[in-house]
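The values are calculated or read from the model by the stated rules, or taken from the named source; none is laboratory data. Keep in mind it's a predicted model, so treat the numbers as computed, not measured. For neighbour counting, all protein chains shown are included, and Cβ atoms are generated from backbone atoms with ideal geometry for every residue, glycine included. Note: accessible area is taken over every heavy atom of the protein model, side chains too, but ligands, DNA and RNA are not part of it. Shrake-Rupley method; radii C 1.70, N 1.55, O 1.52, S 1.80 Å.
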2 protein chains.
Amino acid sequence: MFEQVLAAKERLKGYANVTPVMTSRTLNRRVKADVYFKCENFQRIGAFKFRGAFNAISQLSKSQSSCGVVTFSSGNHAQAVALVGQMLNVKTVIVMPNNAPATKRAATEEYGATVVEYDLEKTIREAVATALEIEHGYTMIPPFDHPDVIAGQGTAALELIEEVGDLDMLLVPCGGGGLLSGSAVAAKGMSPNCRTIGIEPELADDATRSFRTKKLHRVKNPPTIADGTRTASLGKITFPLVLEYVDDMKTVSEDAIIDAVQFLFYRMKLVVEPSGVLGLAALMCGAVIPEGRVGIILSGGNIDSATMTSILRS
Amino acid sequence: MFEQVLAAKERLKGYANVTPVMTSRTLNRRVKADVYFKCENFQRIGAFKFRGAFNAISQLSKSQSSCGVVTFSSGNHAQAVALVGQMLNVKTVIVMPNNAPATKRAATEEYGATVVEYDLEKTIREAVATALEIEHGYTMIPPFDHPDVIAGQGTAALELIEEVGDLDMLLVPCGGGGLLSGSAVAAKGMSPNCRTIGIEPELADDATRSFRTKKLHRVKNPPTIADGTRTASLGKITFPLVLEYVDDMKTVSEDAIIDAVQFLFYRMKLVVEPSGVLGLAALMCGAVIPEGRVGIILSGGNIDSATMTSILRS
């Protein structure tokens, strides 16, 4: 699997941003460690999702490319697939709930994607996307449970360790586990003694429970501010990878998430969405006790006005 | 004067951050130019002011250092002087109005500075600082009108041009003119064909009028959101430098400033204060028509919750 991350890195060259690594003296003093932030909020479309989408879509055969791809997402993965489709001249169809924010729909359509709505009450998004896949011959590019998507997401951790050297610890947000499992594979390959720890909101702790019990647990629309982690559960591919490669899972409160967004805003001048700050939240609230050299993936920066306003006023 | 900027760069080595240069494909497409942002919001204390303060204070004689320094500022220069004093073990006294926000006062005191309040209605800050200078033998480190401060501020533009190469145009915010004149000197020295343009809010257009008429104009507490540019006028040293080195001055509306803060927040994931976005505002609103390769100094990122909240809701 590590070879697939290395191969993904080659594919992404010249297409994805090699995002900067940032540090904070204030934070390092406070937590008594050397913390390196991989800033995927500066990735194209504002989140790591571009990596996986590009790695998957760029490997399609000619006939697959000419037919098009389909996915289900109203978030960063939707924009990533739409942008990659535009770049590689591949038709993209995005299945979104009929209550998706108009701005998210517009952002996706701006890249030339076709948006298909479904009724959140009456059906599930995977079913709608699968029907389109079968009817039109589209290739499905799921948001996380796909080896090429996972390998692509792993390139952020790969770049981080290439740039700063061996890490003792790597903290990664966990939703469906694509970024987490890809990062863990990259970390084990690059820096074998590095412990990869997945971080979830307490309110969406399915992966933590799945990790502890080795049985798949689920959550349903958990009310966490970290909207990128509201995914129901780990996937068929990500769950075994998480069990094999990830060293531990921890959870953080909503207050810890808000504190971390504020710290990044006020002290580091970075706009990071709630799902993106989970690693820092774990460090700041003591859920993870840092050791030595700590990498943190800041996974994305797509936050709307209402959410940021409420966080800044907290 | 250019030699003084080069010397300042050597002095700052290992103390100031060499801040990153960022770009935006979206912006480049929109304005049909290549725009390079020098991100001084990532400088120590969150603004370029660290450069000038360090360059000035690090050149003091032993007896000056052991006696201490004084300045007048409630903003970024106050924090810069306080931090440099802490780093170089020099006593710092900061004169602030009695209505300065508690957070700004606390931030300065955290670095070990002594804050002296004055009554905004009854006296002016320069007079209070000068009295302390005379009484205690402190060395005055003014916020802009000082050759070492100006030379230090010029190092941001120097680094930018060193990193990205020749520029056709450099856009710089203007308050008291320290950053602007230092940047213009650096640009002329590094990239002789580069036109340096100073940008002010329409509501605080004293430097633009001074530049046009070659006579010093003033403003009094202008009600612009760009609080770093509320300075009454250019200084005795900065005014002649602006006349000699700056190619043009332009103004932008409050709405243009708000648009630019929003663009940096949503599209570039950068937290930049209103005074810091003036260059981008000028480009986006058409006050400056871009040519070729354009440098923009994003001068700082210290923005409070109320200001950012009101901008995000606009």
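Below is a table of values for the structure above.
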read-out	value
Entirely in the range B:237-314, the helices (runs of 4 or more DSSP H) that have 1 or more residues that are within 14 Å of chain A (Cβ to nearest Cβ) and under 20 Å from the mean Cα position of the chain (by Cα)	B:254-266, B:305-312
Criterion: within 14 Å of chain A (Cβ to nearest Cβ) and under 15 Å from B:G178 (Cα atoms) - qualifying residue of B:A16, B:A56, B:A47	B:A47
Residue tally, condition in contact (Cβ under 8 Å) with a residue 60 or more places away in the chain and surrounded by fewer than 20 Cβ atoms within 10 Å (Cβ to Cβ), over the range B:291-310	5
Hits in the range B:28-44 - residues which are more than 14 Å from chain A (Cβ to nearest Cβ) and of a type in the set (A, V, I, L, M, F, W, C)	B:V31, B:A33, B:V35
Enumeration of residues in the range B:180-208 that are open to solvent by 10 Å² or more (accessible area, probe 1.4 Å) and farther than 12 Å from B:K250 by Cβ	B:K188, B:G189, B:M190, B:P192, B:N193, B:L203
Residue match in the range A:68-86 (condition: without any contact (Cβ under 8 Å) to a residue 24 or more places away in the chain and in contact with a Phe, Trp or Tyr (Cβ under 9 Å, 6 or more places away or on another chain))	no
Any hit, the range B:188-197, residues being more than 22 Å from B:T23 (Cβ to Cβ), among the basic types (K, R) and over 18 Å from the mean Cα position of the chain (by Cα)	yes
Wholly within the range B:151-226, helices (runs of 4 or more DSSP H) carrying at least 3 residues that are modelled with pLDDT of 95 or more and touching a Ser or Thr at 6+ places or on another chain (Cβ under 6 Å)	B:178-190
Check on B:V69, closer than 25 Å to B:P290 by Cβ and among the aliphatic types (A, V, I, L, M)	no
Subset of the range B:116-150 (residues that are among the β-branched types (V, I, T), in a helix (DSSP H, G or I) and under 16 Å from B:A53 (Cβ atoms))	B:V149, B:I150
All positions within the range B:17-29 that are more than 14 Å from B:A156 (Cβ to Cβ) and in contact (Cβ under 8 Å) with a residue 12 or more places away in the chain	B:T23, B:S24, B:T26, B:L27
Residues located in the range B:27-76, provided they are touching a Leu at 6+ places or on another chain (Cβ under 9 Å) and at positive phi	B:I45
From the options B:L120, B:L132, residue that is in contact with a strand residue (DSSP E or B) (Cβ under 6 Å, 6 or more places away or on another chain), at pLDDT below 95 and open to solvent by less than 30 Å² (accessible area, probe 1.4 Å)	B:L132
Residue, most open to solvent (accessible area, probe 1.4 Å), within the range B:135-164, restricted to residues that are within 21 Å of the chain's Cα centre (by Cα) and acidic (D, E)	B:E163
Flag if B:A207 is more than 14 Å from chain A (Cβ to nearest Cβ), within 30 Å of A:G300 (Cα to Cα) and small (G, A, S)	no
Condition check for A:R230: within 14 Å of chain B (Cβ to nearest Cβ) and either open to solvent by 10 Å² or more (accessible area, probe 1.4 Å) or modelled with pLDDT under 95 (or both)	no
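To keep it simple, each residue is scored yes or no on (1) open to solvent by 40 Å² or more (accessible area, probe 1.4 Å); (2) farther than 22 Å from A:T26 by Cα; (3) without any contact (Cβ under 8 Å) to a residue 60 or more places away in the chain.
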site	(1), (2), (3)
A:K215	yes, yes, yes
A:K236	yes, yes, no
A:P240	yes, yes, yes
A:V246	no, yes, no
